[in-house]
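A short write-up of the structure that comes next.
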Amino acid sequence: MDLPIDHFRLLGVSPASDAQTVLRTLDQRLDRVPDQGFTTETLQARARLLHESADLLSDGERRRTYEAELTALAGGPNAVPALDVPGSLEVAGLLLLLEAGQAQEAFELACRALQPPQAPALGSSREADLSLLAGLACRAAAEESRSRRHFEAAARQLQQGLQLLQRMGQLPDLRQRLVRDLDALSPFLVLDLLSRELTAVEKRGEGLELLEQLVQRRGGLEGDLDPSFSSAEFQMFFKQIRSFLTVQEQVDLFSRWAEAGSEAADFLSSIALTASGFAQRKPERIAAARERLQASGRSGIEPLLANLHLLLGEVDIALATFDAGAGPELRDWVEHQSREPLAQLCAYCRDWLANDVLPGYRDLESDPDLDAYFADRDVIAWVEREDRRSGRHYAPPAPEPLQPLAFGSSAGAASGAFTSLGSGGFDWSSPFSTSLTTAASLSGGGSGATATGNLPPLAPFPELGPYGEEEDDLEDEAEVPIRWRLPGLAWLNERVRGTEEPGLEPGGDGLAQRLRALRPPSWRPTTWPLSLRVAGVVALGVAAGLAAVALRPRAPQPPARGAVPLPVQPAPGAVTPRPGVVSTPASKPTSGAGAALSGAPTAAPPATAAAASLAPLTTADPTDAELRRLLESWLKAKADVLAGEPLPSGLDQIARSGPIERLNEERRDDVAAGENQKIVVDVEDISVVERSDGRLAVRARLRYRDERRDSSGRVVETTPPMTLRNVYVFGRDGERWRLAATRSGG
């Protein structure tokens, strides 16, 4: 056998060592006899080889000759020094090669010696020593590869050694050690394989298979059956491994583990589905995440469910769910973001996406951009399709008294909300760190106050700008309808702002221009989903994106008791609420729009009555009753126009050109579609919330219902009665008070 080693390395001395050092080293090597279980014959052969090397190196003449030969070999191409060892000493030579640190070479040569035709006789001492040597060399070679972070090579070496010993049928204890070494190497091998490029499909597949085996060996994510892998180590490993997995790989893995009964995997599958649905604009995946989370029956998850409802366009359900489950810490945090409930929820949702949902995936680099999400046509199409499936285009029966949503009480702090997901309070939902707004950590118990009870007081309106010929520059001239009115902008500027008042902020970011460019041509339901989402999103960032999406409640789920019902946005074919059309309550003279829902034709009012109803308001300090009549005049005129009447000639006496032009645009769209709108809005209450010489802000509570009919008179869409709130801003132009803008009043 050619042993790939020279005399210096075999004995363990430096080429500069003198004869005395050589002899002293020989004595030391002879004294340190390997005690792994080799036979006496092999140990004696080892001593013989050591003596021969020491004799050569301590003889000056023979050593000079040998060194000259080594020098000559060093200058040749591919020349490797080797010792010619007789077959009777080959096991001892391989043992010395292993002791010299050349474990891989020793393992390969031992495997070769155990193969036919040079395989030793069965049951011989040579077979036993070669098998033992192969196992020891295998472990040493694998450890060396592992130290160099060559985990795949280390695993391959251990597997080869294990297969060899199994074939030989010897050394069961050593085989067990190899198995344990392989198990301990598994996490490193998984990381090695899954860190490969995504194009390395085969290697990544091996890594996923090993990962599943590793988790099964532990008894699941929550298990602790692997003594070689403590819970703390596994949690650190799991956090690291998630960043190497694609979102689809995580969805598949966690779903399979959840089916096997893992609560942690069930929760993580919901997070992965949410990330996939948001980043890839697939709301159906977010819906699946919501169903998983609801089916889990856990307490303290209401804030997370609120986020999912929000992403699915179910704004009113989202607000009610959030109000039912948000704890004191979360409420305190969101109140620093905005005073608008919807803006608060959007801020929390964005923070949740950024910290707990979107990080931790190999193939996702998505920002929590709700603007882009709700502007995506696939998202819009999905929400509209769900509306059609839920039957929003059919006229529902009279509404039942509002009942509170039934939600389980929260667990309080997040450390208690998911304590069963793993030992040590491990936060399975966060791939790297715990976010400020991790759902359970901020969720509290009980439903607490109702939605209306928690609404903040209306903020003062900042100046809207000059009320004169420059009215087109007012950013609120788009007059977004009541139910989708945008929250204030101040909350977007900083993560926590507790002093700013939400409100209209003209001119700061080109809002007026963007709203005019993106606003819907009308209130028509089929145009609201796309254009208002986009307009709202651009105008308000994240919060407005959801305010704009409107988004509608699913029929079987009423809002919480006492909550202000967020109006629904119907599916294509449904009639949409119009925030500016009114019929007065029964106790007061009606404006004429109320009879529209009977379906009978309504005669146009006399010209004198129309002129009287559009009489300008010129009182310098108008009363509430005068402002109510002015608002009702505008709303009645809108109802008449949308029902098919011509535009009144004196409408500019009570409204500026912006609202009038938008009314014209909406009617043109209806004419093009061959449709009319029959709308009833009753002004139930009105109060002045701001008053100055040139500006008035009026908060109105309205009762609303509508229908949309085609050219044959058939009802194609309907909206059930609902309560809406809006703030109307009037500006004084000369002596006249005219409608200038509309804002949501909560």
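The values are calculated or read from the model by the stated rules, or taken from the named source; none is laboratory data. Values in this document were obtained by computation on a predicted structure and should not be read as measured data. For neighbour counting, all protein chains shown are included, and Cβ atoms are generated from backbone atoms with ideal geometry for every residue, glycine included.
Okay, residues lined up against (1) in a loop (DSSP other than H, G, I, E, B); (2) in the same structural domain as A740 (by TED's automatic domain parsing); (3) within 19 Å of A740 (Cα to Cα); (4) among the β-branched types (V, I, T):
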position: L627; (1), (2), (3), (4): no, yes, yes, no
position: A639; (1), (2), (3), (4): no, yes, yes, no
position: P659; (1), (2), (3), (4): no, yes, yes, no
position: Q677; (1), (2), (3), (4): no, yes, no, no
position: R701; (1), (2), (3), (4): no, yes, yes, no
position: D706; (1), (2), (3), (4): no, yes, no, no
position: S712; (1), (2), (3), (4): yes, yes, no, no
position: P720; (1), (2), (3), (4): no, yes, no, no
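For every residue, the table says whether it meets (1) of a type in the set (V, I, T); (2) in contact with a strand residue (DSSP E or B) (Cβ under 8 Å, 6 or more places away or on another chain).
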{"site": "N676", "(1), (2)": "no, yes"}
{"site": "V681", "(1), (2)": "yes, yes"}
{"site": "I686", "(1), (2)": "yes, yes"}
{"site": "V689", "(1), (2)": "yes, yes"}
{"site": "S692", "(1), (2)": "no, no"}
{"site": "Y704", "(1), (2)": "no, yes"}
{"site": "R708", "(1), (2)": "no, yes"}
{"site": "S712", "(1), (2)": "no, no"}
{"site": "P720", "(1), (2)": "no, yes"}
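Taking every residue in the range 268-292 that is in contact (Cβ under 8 Å) with a residue 60 or more places away in the chain and pairing it with any residue that is in a helix (DSSP H, G or I) and acidic (D, E), at least 6 positions away or on another chain, the pairs with Cβ-Cβ distances below 8 Å are I271/D356; R281/D378; K282/D378; P283/D378. With respect to the stated conditions, L114 fails to be buried (at least 23 other Cβ atoms within 10 Å of the Cβ) and over 26 Å from Q213 (Cβ atoms). Filtering L221, L208, L198 for residues that are part of a loop (DSSP other than H, G, I, E, B), surrounded by fewer than 19 Cβ atoms within 10 Å (Cβ to Cβ) and not assigned by TED's automatic domain parsing to the domain that holds L358 leaves a single hit, L198.
Confirm whether L330 is part of a helix (DSSP H, G or I) and either in contact with a Cys (Cβ under 6 Å, 6 or more places away or on another chain) or not assigned by TED's automatic domain parsing to the domain that holds A372 (or both). When the stated conditions are applied, L330 does not pass them. Number of residues in the range 224-239 that are exposed (fewer than 15 other Cβ atoms within 10 Å of the Cβ), closer than 26 Å to N355 by Cα and not hydrophobic (A, V, I, L, M, F, W, C) equals 1. Does D181 satisfy the criteria of being modelled with pLDDT of 90 or more, acidic (D, E), assigned by TED's automatic domain parsing to the domain that holds Q115 and touching a Lys or Arg at 6+ places or on another chain (Cβ under 7 Å)? Judged against the criteria, D181 is a match. Screening V671 against (1) at pLDDT 90 or above; (2) hydrophobic (A, V, I, L, M, F, W, C); (3) surrounded by 22 or more Cβ atoms within 10 Å (Cβ to Cβ) leaves a single unmet condition, (3).
I'd like the residue in the range 1-42 that is among the hydroxyl-bearing types (S, T, Y) and in a helix (DSSP H, G or I) and, out of all such residues, is nearest to A113 (Cα to Cα).
Selected residue: T42.
Restricting the first member to the range 161-179 and to residues that are polar (S, T, N, Q), and the second to residues that are part of a helix (DSSP H, G or I), the beta-carbon pairs closer than 9 Å and six or more apart or on different chains are Q166/R175; Q170/E127; Q170/A128; Q170/S131; Q170/L132; Q170/G135.
Answer with yes or no whether R156 is more than 19 Å from L253 (Cα to Cα) and surrounded by fewer than 17 Cβ atoms within 10 Å (Cβ to Cβ). Talk me through it step by step, then tell me what you get.
Numbers: more than 19 Å from L253 (Cα to Cα): yes; surrounded by fewer than 17 Cβ atoms within 10 Å (Cβ to Cβ): yes.
Considered against the rule, which asks whether it is more than 19 Å from L253 (Cα to Cα) and surrounded by fewer than 17 Cβ atoms within 10 Å (Cβ to Cβ), R156 comes out as yes.
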